[in-house]
Each structure stands twice: as C-alpha cells, then as structure tokens.
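The values are calculated or read from the model by the stated rules, or taken from the named source; none is laboratory data. No experiment lies behind these values; they were computed from the predicted model shown. Note: ideal-geometry Cβ built from the backbone for every residue, glycine included; neighbour counts use all protein chains shown.
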Amino acid sequence: MKQTLHALYGLKWNPFSPDIPTESLYVPPAMENFIWRIENTHVQEGGFALIVGDPGTGKSCLLRLLSEKLNQVQGLTVGTFTHPQSSVRDFYNELGDLFDVPIKTHNRWYSFKSLRQKWQNHIENHCIKPVLLIDEAQEMQSSVMNELRLLNSHRYDSKNLLTVIFAGNDLLLDRFRSTTSLLPLGSRIRKRLHMEHASSEQLQECLIHLLEKAGNAMLMSETLIDTICDHSVGNYRIMTTLANELLEEACRRKLSHLDEKLYLEVFAQSSKKKPSSSQSRK
C-alpha cells in the first residue's frame with residue numbers, strides 16, 4: 001500500500017498507521033509538558049509516575065515518545081515492561097532480561113538482591129539510572145507492583161533506585177486509592193497526568209499535523225476533516241481509525257482527493273450492512 005499512497009497522494013507513509021515515525025506524532029501541550037517534567041526532573045529524582053486515561057486518549061503514544069526521548073539521555077537505561085499480567089517469577093525474569101541481570105527465578109530473595117545490587121552499581125559507579133515503562137498497568141498483579149516498590153526503596157526511602165512510569169485506565173487509579181496493599185505505592189507517586197478526551201479543535205490539529213508530516217496536508221477537504229473529528233467523540237484512536245478506513249477506500253477507488261461524499265458513502269454502506277435489532281432476534 002505504501003507505493004500506492006506515494007503514487008496517488010505523494011505520501012511518505014500511511015499517516016494513520018500506529019507505526020509512523022516517532023518524530024511525526026502529534027504532541028498536545030499537556031503531553032509535551034509532562035515529557036519535559038519527566039525528562040528534566042523526574043528521572044533525576046527517581047520514583048514513580050502515573051499516566052491515566054481512557055483507551056484512545058494517547059497513553060501508549062506518550063510512552064513511545066518518552067522511550068524515544070529518554071533513550072537519548074546519557075546515563076539512563078530504559079526498559080519497557082511488555083507483560084503486565086506476569087507472575088512475580090515472570091516479572092523478575094523479564095526485569096532481569098531488560099537490565100541484563102542474571103536471575104534465579106526459584107529464589108525470590110536472590111533475584112531481589114541481585115537486581116538491587118546491579119542498580120546500585122550502575123548508580124554509584126557508572127551514574128546510570130534504570131527507567132521502566134509499563135503500559136496497561138491496570139493488568140498488573142498487586143504482588144508484582146509491591147515488588148517494584150520494595151525493589152525501589154533504598155536507605156529508608158531516602159533514595160530511589162529506579163524510575164517507574166505506569167500507564168493505564170481509571171481502574172489503575174482506583175486500585176492505588178482503594179486497594180489496601182497498594183496504598184504505600186500510591187502514596188509514592190510523584191508525577192501524574194490524566195489524559196483528557198480531545199476537543200474537536202485538537203483532533204483537527206492532530207489530523208492536519210499527521211497529513212502534513214506524511215507529505216500531503218491538502219489530501220482531505222476541510223469539510224471531511226470537520227466531519228471525521230465531530231464523529232470521533234474526543235478519541236484520537238477513533239479518529240485515525242475512521243481516517244484510515246477512508247484512505248484505504250480512496251486508494252481502492254484511485255480517487256485523487258478525499259471529501260465528505262466519500263465519508264457518507266463508506267459509512268452509510270457500513271450502517272446498512274448492520275442488521276436491525278428486530279432482524280437479529282429472528
């Protein structure tokens with residue numbers, strides 16, 4: 001499809017694909033401010049930070065930007081925790097792989113001491129600070145979260161051995177507030193960001209930004225941009241999903257321009273295909 005996009009529209013990539021270049025992502029002011037705070041203050045102090053929001057509000061995008069930024073900071077070792085549902089044993093296995101620490105998973109105490117010693121050596125001898133990014137953190141077991149709290153503590157909580165950034169939905173925030181075993185961890189969260197639903201204007205800015213970065217800011221009519229954003233209910237993911245479906249259909253038809261007529265045709269057909277509630281009961 002990439003060749004077709006370039007031939008028809010002069011696009012360097014699909015602007016609505018999840019894997020567009022990181023430097024081409026849309027960064028609203030609140031997100032940019034949070035990245036600055038993490039990059040310039042939080043990683044120096046260490047400890048826990050929290051990103052909370054509904055699906056499609058930009059949490060994973062923000063973690064991707066943070067990973068890119070922090071990997072360029074000298075003295076940091078950045079790891080992304082990809083299995084939030086892990087048991088304590090699997091948690092130590094993955095943590096050991098991320099930070100190159102040999103782990104004996106049958107012995108929790110050895111794992112704890114080994115990782116802690118590794119990070120102490122990094123911090124004290126090499127000035128390297130580990131940073132752990134965790135997406136979908138609401139899926140984590142409370143026991144694993146508490147391992148992170150214990151692993152981070154040093155010198156009676158006077159020094160943090162790592163930086164942890166949790167990202168998840170509102171359930172994660174509720175757990176920190178109401179789960180007794182997680183209250184000590186919740187009280188240690190030093191930076192917070194609640195990802196709000198975007199306004200129609202922010203969605204329009206995002207859509208135009210994505211098109212511009214991909215190479216064709218004029219690909220869609222203003223009316224179509226307004227229509228897409230009005231139907232996206234403040235959700236970036238819904239917006240890019242709608243836009244991507246229209247772009248794919250335009251490619252199939254080899255249209256030179258995308259307008260509201262295409263939107264009405266594509267999504268009117270989609271709604272016609274859905275059976276009515278009375279039909280589905282028959």
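Here are the numbers:
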quantity: Only one of 88, 52 that is of a type outside the set (Phe, Trp, Tyr) and at pLDDT below 95; calculated: 88
quantity: Region 219-228, residues that are touching a residue at least 24 places away in the same chain (Cβ under 8 Å), outside any strand (DSSP E or B) and under 23 Å from residue 21 (Cβ atoms); calculated: 219, 228
quantity: Qualifying position, being closer than 15 Å to residue 164 by Cα and out of contact with any Lys or Arg (no Cβ under 8 Å at 6 or more places or on another chain), among 68, 94; calculated: 94
quantity: Of all residues making up region 70-94, the number that are crowded, with 17+ Cβ neighbours inside 10 Å and touching an Asp or Glu at 6+ places or on another chain (Cβ under 7 Å); calculated: 5
quantity: Flag if residue 193 is assigned to a strand (DSSP E or B) and touching a residue at least 24 places away in the same chain (Cβ under 8 Å); calculated: yes
quantity: Unique match (being among the aliphatic types (A, V, I, L, M), surrounded by 14 or more Cβ atoms within 10 Å (Cβ to Cβ), touching a Ser or Thr at 6+ places or on another chain (Cβ under 9 Å) and touching a residue at least 40 places away in the same chain (Cβ under 8 Å)) among 63, 25; calculated: 63
quantity: Single match in 54, 135, 97 (criterion: loosely packed, with under 13 Cβ neighbours inside 10 Å and of a type in the set (Asp, Glu)); calculated: 97
quantity: Count - residues of region 129-164 that are at pLDDT below 80 and either within 24 Å of residue 83 (Cβ to Cβ) or touching an Asp or Glu at 6+ places or on another chain (Cβ under 9 Å) (or both); calculated: 1
